[in-house]
Amino acid sequence: MKALQSAAADPSTHQYPSNRGRPAFREAVAGFYRRRFGVELDPDTEIIPALGAKECVFNLNLAFLDPGSCALASDPGYPVYSGGPLIAGADYVPMPLVPERGFAPDLAAVSAADAERARLMYLNYPNNPTGAVLPDGLFEQAVAFAREHDILVVHDASYTETTFDGYVAPSFLETPGAKEVGVEVFSLSKGWNMTGWRTAAIVGNAAAVQAYWKLKTNIDSGMFEAVQVAAIAAFEEAADFPRAMSEHYQRRRDLVVDALREIGVDVTPPRGTIYIWAPVPAGYTSASYCEHVLEEAAVVVSPGSSYGPSGEGFFRISLTIPDERLSEAVERLRSSLSGG
């Protein structure tokens, strides 16, 4: 915030910003990837700032999809993975994420026809909404699949800095061959508590990054330069902040998991993200259980079916509200639903 205040007072930051971003911003992203993941990125060709991960993911659909083509999208998943292709005039093919597979898509189950017309594959680990961390071998499988079918892998890395119980999330670009077939969308929203700042970057395959930039340069004028200065401060002066935030969220996670178990919900504590993904009790659908919780406890939770067909049978709780409100919600659940 101090970096933003100082930069906003500098008249030179109030010009139209370049879509390529300040060199110092791109260098800060490259430095972060080098320190955090051991990944080398060329600031000139492999990094472009994005106005949040959502903008970036959506614009990739416009850049790479045509009528008749499709995106392979995690199901359940962030809604723009499925809505974006449709708005772009293309289609999406859901890749079911189920508990039995550790919420990993079964790439072998993608039909030959869908693999042939696919141009994008969306992955996201740690995963929203399931809270799952990267299943063993998935990134390697994705690289091989993408190479075989000429698909661009898009890894949404919005939650790599929000992890628990000692787990450290990898970058997709750490995987051998990943940069040849994919890009990663990294966001400061969650790890640095900057959701309203719309501060992210697309990194990885140079040709794909440039294709994204060619589209983007016809849509907007880039990220406010004072925000870029603030993002540099986040990467370089507040590198430990995401770990402190993760400890904060882990405390909230434990509070909610304990309460859910008390009311008979068989929930597995997630090792990443800011969400709890839990099965609904027997006799309920996702929607009917969320309605039951609302009516009985006056607490709002999200039905899993709203994140895709494979989300049916689950519900999601967000850990983003202040501690005192979360504690109140937990107590309402305990008092209203225990034994029910």
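Screening 264, 283 for residues that are small (Gly, Ala, Ser), over 22 Å from residue 78 (Cβ atoms), in a loop (DSSP other than H, G, I, E, B) and free of Cβ contacts under 8 Å to residues at least 40 places away in the same chain leaves exactly one candidate, 283. Considering the stretch 1-78, the qualifying helices (runs of 4 or more DSSP H), each wholly inside and each with 1 or more residues that are within 20 Å of the chain's Cα centre (by Cα), run over 23-37, 52-64. Being buried (at least 21 other Cβ atoms within 10 Å of the Cβ) and basic (Lys, Arg) is a description that applies to residue 252. Specify the residue that is least open to solvent (accessible area, probe 1.4 Å); the eligible residues are those in the stretch 26-37 that are closer than 18 Å to residue 230 by Cβ and charged (D, E, K, R). By that ranking, first place goes to 26. Within the stretch 286-293, can one find any residue that is under 24 Å from the mean Cα position of the chain (by Cα), surrounded by fewer than 16 Cβ atoms within 10 Å (Cβ to Cβ), free of Cβ contacts under 8 Å to residues at least 24 places away in the same chain and within 24 Å of residue 99 (Cβ to Cβ)? Yes, that holds for at least one residue.
Listed conditions (1) farther than 20 Å from residue 33 by Cβ; (2) in contact with a Gly (Cβ under 6 Å, 6 or more places away or on another chain); (3) among the β-branched types (Val, Ile, Thr) are all met by residue 217, apart from (2).
Checked against the criterion of being more than 21 Å from residue 180 (Cβ to Cβ), in contact with an Asp or Glu (Cβ under 9 Å, 6 or more places away or on another chain) and of a type outside the set (Lys, Arg), the candidates 31, 52, 38 yield just one match: 31. Summed over the stretch 168-196, residues that are open to solvent by 30 Å² or more (accessible area, probe 1.4 Å), over 16 Å from residue 128 (Cβ atoms) and either in a loop (DSSP other than H, G, I, E, B) or modelled with pLDDT of 95 or more (or both) total 7. Condition (residue is farther than 28 Å from residue 62 by Cα, among the aliphatic types (A, V, I, L, M) and without any contact (Cβ under 8 Å) to a residue 12 or more places away in the chain) applied to the stretch 194-214: is it met by at least one residue? No, the conditions are met nowhere in the stretch 194-214. The combined condition, being of a type in the set (Gly, Ala, Ser) and either touching a residue at least 24 places away in the same chain (Cβ under 8 Å) or over 25 Å from residue 97 (Cβ atoms) (or both), is fulfilled by residue 259. The condition (being open to solvent by 30 Å² or more (accessible area, probe 1.4 Å) and at pLDDT 95 or above) is satisfied by just one residue among 46, 40, 100: 40. The residue that is most open to solvent (accessible area, probe 1.4 Å), among those in the stretch 294-340 that are on the phi > 0 side of the Ramachandran plot and not hydrophobic (A, V, I, L, M, F, W, C), is 339. Contact map, the stretch 46-64: residues that are on the phi > 0 side of the Ramachandran plot paired with residues that are among the charged types (D, E, K, R), Cβ distance under 7 Å, separation 6+ or inter-chain. Pairs shown: 52/198. Looking only at residues in the stretch 59-97 that are over 25 Å from residue 316 (Cα atoms) and in contact with a Cys (Cβ under 7 Å, 6 or more places away or on another chain), the one that is most open to solvent (accessible area, probe 1.4 Å) is 91.
Table: residues versus (1) of a type in the set (Ser, Thr, Tyr); (2) closer than 22 Å to residue 159 by Cβ; (3) part of a loop (DSSP other than H, G, I, E, B).
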position	(1), (2), (3)
211	no, no, no
250	no, yes, no
260	no, yes, no
288	yes, no, no
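Applying the set (1) open to solvent by 20 Å² or more (accessible area, probe 1.4 Å); (2) touching a Lys or Arg at 6+ places or on another chain (Cβ under 9 Å); (3) modelled with pLDDT under 95 to residue 19 leaves exactly one unmet item: (1). Within the stretch 115-127, the residues that satisfy the criterion of being open to solvent by 10 Å² or more (accessible area, probe 1.4 Å) and touching a residue at least 40 places away in the same chain (Cβ under 8 Å) are 117, 119.
The values are calculated or read from the model by the stated rules, or taken from the named source; none is laboratory data. All values reported here derive from a predicted model rather than from experimental measurement. Don't worry about glycine lacking a Cβ; one is built from the backbone with ideal geometry, like all the others, and counts go over all protein chains shown. What goes into the accessible areas is simple: the full protein's heavy atoms, side chains included, and nothing from ligands, DNA or RNA. Shrake-Rupley method; radii C 1.70, N 1.55, O 1.52, S 1.80 Å.
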